[in-house]
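Everything on this sheet refers to the single structure shown next.
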């Protein structure tokens with residue numbers, strides 16, 4: 001064994017640095033020890049400005065993207081998972097940072113992932129101001145990588161949305177998902193038969209997570225929204241429950257919206273119970289908004305282009321989410 | 001094969017949710033879709049408040065921690081890697097979020113990691129306001145996990161430190177590291193012989209990354225600092241170079257500070273060239289401060305308890321970092 005180097009140990013700092021150098025030319029906020037973000041006057045003039053922060057990844061959707069050889073949209077998913085959380089508090093996303101953990105740095109891979117992140121940030125109206133690329137030989141399997149994202153938004157405390165005013169009689173408006181978004185892939189991958197994994201199936205699975213930020217922020221200026229839930233891990237019951245105050249239940253009618261065929265395919269392939277499907281997947285709804293009954297119509301109108309539907313209501317209860325008429329069965333989740 | 005569930009696919013949402021529920025009782029900011037952080041008056045009264053953000057992980061130090069069965073301090077490393085970056089801009093850390101990617105959720109592991117994160121946040125004076133725990137079966141190898149952290153700080157633009165005023169004649173003050181900190185582990189693991197991996201060696205390797213935030217922020221009130229570099233991947237040359245403006249070089253005298261024995265052990269074991277050692281490891285210096293020559297003494301006094309040393313100077317040049325007298329060899333890096 002001759003003289004050892006960091007490169008011989010699997011970490012090619014030079015390749016990664018060269019890539020970051022080129023990136024720094026495109027993105028001037030990147031390069032210092034921390035990304036700098038000046039607080040604009042719209043934030044400084046808020047009565048009680050609050051920052052809202054979220055961290056999230058895209059789970060094993062990465063494995064499907066790698067198997068399909070298409071990493072162009074996984075960065076959109078990463079941004080979407082984070083910024084949709086921010087808008088649940090009524091916050092406007094300000095900036096985003098990514099963390100990319102790779103077994104071995106590949107410029108092609110990093111470019112593809114970053115391209116998606118940049119598209120996602122543009123759609124959400126936030127700035128990519130930094131990130132970290134870590135080479136982890138011996139920790140990640142050969143050619144594997146993981147990504148996660150961090151985002152920060154701002155909201156005036158008086159306008160922060162937290163579900164506390166939700167009451168019996170309120171309406172639940174759903175915005176359709178584009179597919180699985182970024183949750184449930186470990187189960188989907190386990191049950192979908194290998195022979196079904198053609199290009200069409202890969203496309204359906206990889207459809208990027210929808211970013212709800214701009215249309216929702218626009219309608220918040222017009223309509224008072226009491227609670228917003230981003231439907232991620234835990235599905236409709238797990239996430240809607242997070243915005244319910246004490247003393248109420250949410251009742252959803254799944255006949256009120258369409259589900260992509262992919263959900264039925266997964267359920268059939270794995271003989272998965274409806275309750276488990278609803279706890280694991282978004283089942284066609286990516287974001288829920290809770291509004292007073294008289295605000296349901298204006299909300300539906302404002303979000304018409306996003307395919308908004310009235311999908312349920314709030315009733316007296318104990319913090320439960322009920323989903324009725326799933327394959328003609330009442331299921332309490 | 002019977003009915004499939006998310007759990008049978010390797011994702012135990014219930015175990016993770018129960019842990020998060022208990023966590024939410026300890027940490028009230030956690031639980032909503034985004035962590036909320038009100039901007040205090042000290043930020044709102046700044047002339048031009050800027051946020052500074054950083055993301056970082058701890059690399060393959062995780063593998064050493066797992067092999068040694070001690071995950072109690074790896075969370076300190078994760079916080080340190082992030083908050084030391086923030087203080088390089090002169091920013092006071094405000095809040096922190098973590099991302100924990102696991103092959104399979106383990107409460108013991110998550111508790112140990114989070115304990116370190118909480119200790120790190122306490123030492124840095126920032127609040128843990130959120131995070132994400134992702135189960136990635138099939139992506140991470142059995143029982144492996146990765147962590148990264150994300151932190152946000154604030155600084156008034158007029159007080160932001162960016163190295164731009166650094167000039168020939170300035171002094172470079174070094175603060176000692178506690179050991180390898182969180183960089184170079186892939187090389188260290190490769191070259192250190194298995195028989196050397198006893199408890200004492202594991203302790204030396206796992207010594208937590210020093211958090212420089214509080215002492216450095218305190219001295220910034222007293223002394224004008226022109227540039228600060230956190231010595232991470234890329235070592236002294238790679239990181240000091242990041243704060244140098246055009247037209248100057250940094251000249252370091254490595255005889256001016258002590259190095260932990262672990263660095264010599266690694267160099268000997270792998271027959272690693274001095275230049276490669278300095279590009280890969282911090283070599284005993286965790287943070288460098290550049291100050292005007294007349295401010296060197298006050299800086300050394302203010303950071304005496306941290307073991308501050310004058311380790312070099314700024315000279316006319318072209319953005320290079322020169323390290324002299326390494327084993328009696330002049331090495332330009």
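Count of region A:58-109 residues, restricted to those that are part of a helix (DSSP H, G or I) and either touching a residue at least 12 places away in the same chain (Cβ under 8 Å) or within 22 Å of residue A:123 (Cβ to Cβ) (or both), is 25. Taking into account only those residues within region A:176-185 that are touching a strand residue (DSSP E or B) at 6+ places or on another chain (Cβ under 9 Å) and buried (at least 23 other Cβ atoms within 10 Å of the Cβ), which is nearest to the other protein chains (Cβ to nearest Cβ)? The selected residue is A:182. When the criteria are applied in full, residue B:8 fails the requirement of being away from chain A (no Cβ under 11 Å) and outside any helix (DSSP H, G or I).
Just the residues that are within 22 Å of residue B:34 (Cβ to Cβ) and without any contact (Cβ under 8 Å) to a residue 24 or more places away in the chain, please, taken from region A:196-235.
A:221
Going through (1) within 11 Å of chain B (Cβ to nearest Cβ); (2) surrounded by 18 or more Cβ atoms within 10 Å (Cβ to Cβ) one by one, residue A:75 falls short only on (1). Within region A:237-255, the set of residues being crowded, with 16+ Cβ neighbours inside 10 Å, closer than 30 Å to residue A:197 by Cα and in contact with a strand residue (DSSP E or B) (Cβ under 6 Å, 6 or more places away or on another chain) comprises A:237, A:239, A:254. Does region A:111-120 contain any residue that is within 9 Å of chain B (Cβ to nearest Cβ) and either under 15 Å from the mean Cα position of the chain (by Cα) or within 30 Å of residue A:42 (Cα to Cα) (or both)? Within region A:111-120, not a single residue is within 9 Å of chain B (Cβ to nearest Cβ) and either under 15 Å from the mean Cα position of the chain (by Cα) or within 30 Å of residue A:42 (Cα to Cα) (or both). For residue B:120, state whether it is in contact with a helix residue (DSSP H, G or I) (Cβ under 8 Å, 6 or more places away or on another chain), crowded, with 24+ Cβ neighbours inside 10 Å and in a helix (DSSP H, G or I). Answer is yes for this residue. The residue pairs whose first member lies in region B:143-157 and is more than 8 Å from chain A (Cβ to nearest Cβ) and on the phi > 0 side of the Ramachandran plot, whose second member is modelled with pLDDT of 95 or more and surrounded by 24 or more Cβ atoms within 10 Å (Cβ to Cβ), and whose beta carbons are closer than 7 Å, counting only pairs six or more residues apart or on different chains, do not exist in this structure. Report yes if some residue within region B:16-29 is surrounded by 22 or more Cβ atoms within 10 Å (Cβ to Cβ) and either at the interface with another protein chain (Cβ under 7 Å from one of its Cβ atoms) or free of Cβ contacts under 8 Å to residues at least 12 places away in the same chain (or both); otherwise report no. The answer is no, given that none of the residues of region B:16-29 is surrounded by 22 or more Cβ atoms within 10 Å (Cβ to Cβ) and either at the interface with another protein chain (Cβ under 7 Å from one of its Cβ atoms) or free of Cβ contacts under 8 Å to residues at least 12 places away in the same chain (or both).
Residues are listed down the side, and each one gets a yes or a no for (1) modelled with pLDDT of 90 or more; (2) facing chain A (nearest Cβ under 7 Å); (3) surrounded by fewer than 15 Cβ atoms within 10 Å (Cβ to Cβ); (4) farther than 30 Å from residue A:9 by Cβ:
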{"residue": "B:31", "(1), (2), (3), (4)": "no, no, yes, yes"}
{"residue": "B:39", "(1), (2), (3), (4)": "yes, yes, no, yes"}
{"residue": "B:46", "(1), (2), (3), (4)": "yes, no, no, yes"}
{"residue": "B:53", "(1), (2), (3), (4)": "yes, yes, no, no"}
{"residue": "B:56", "(1), (2), (3), (4)": "yes, yes, no, no"}
{"residue": "B:60", "(1), (2), (3), (4)": "yes, yes, no, no"}
{"residue": "B:67", "(1), (2), (3), (4)": "yes, no, yes, no"}
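Residues of region B:288-323 that are assigned to a helix (DSSP H, G or I) and in contact (Cβ under 8 Å) with a residue 12 or more places away in the chain: B:293, B:295, B:296, B:298, B:299, B:300, B:302, B:305, B:306. Here residue B:139 fulfils each of the conditions (1) in contact with a strand residue (DSSP E or B) (Cβ under 9 Å, 6 or more places away or on another chain); (2) over 21 Å from residue B:59 (Cα atoms) apart from (2).
For the criterion of being surrounded by fewer than 22 Cβ atoms within 10 Å (Cβ to Cβ), touching a strand residue (DSSP E or B) at 6+ places or on another chain (Cβ under 6 Å) and not assigned by TED's automatic domain parsing to the domain that holds residue B:60, residue B:275 passes.
The values are calculated or read from the model by the stated rules, or taken from the named source; none is laboratory data. It should be emphasised that the depicted structure is a prediction, and the values quoted were computed from it without experimental measurement. In this analysis, Cβ positions are derived from the backbone assuming ideal geometry, glycine residues included, and neighbour counts consider all displayed protein chains.
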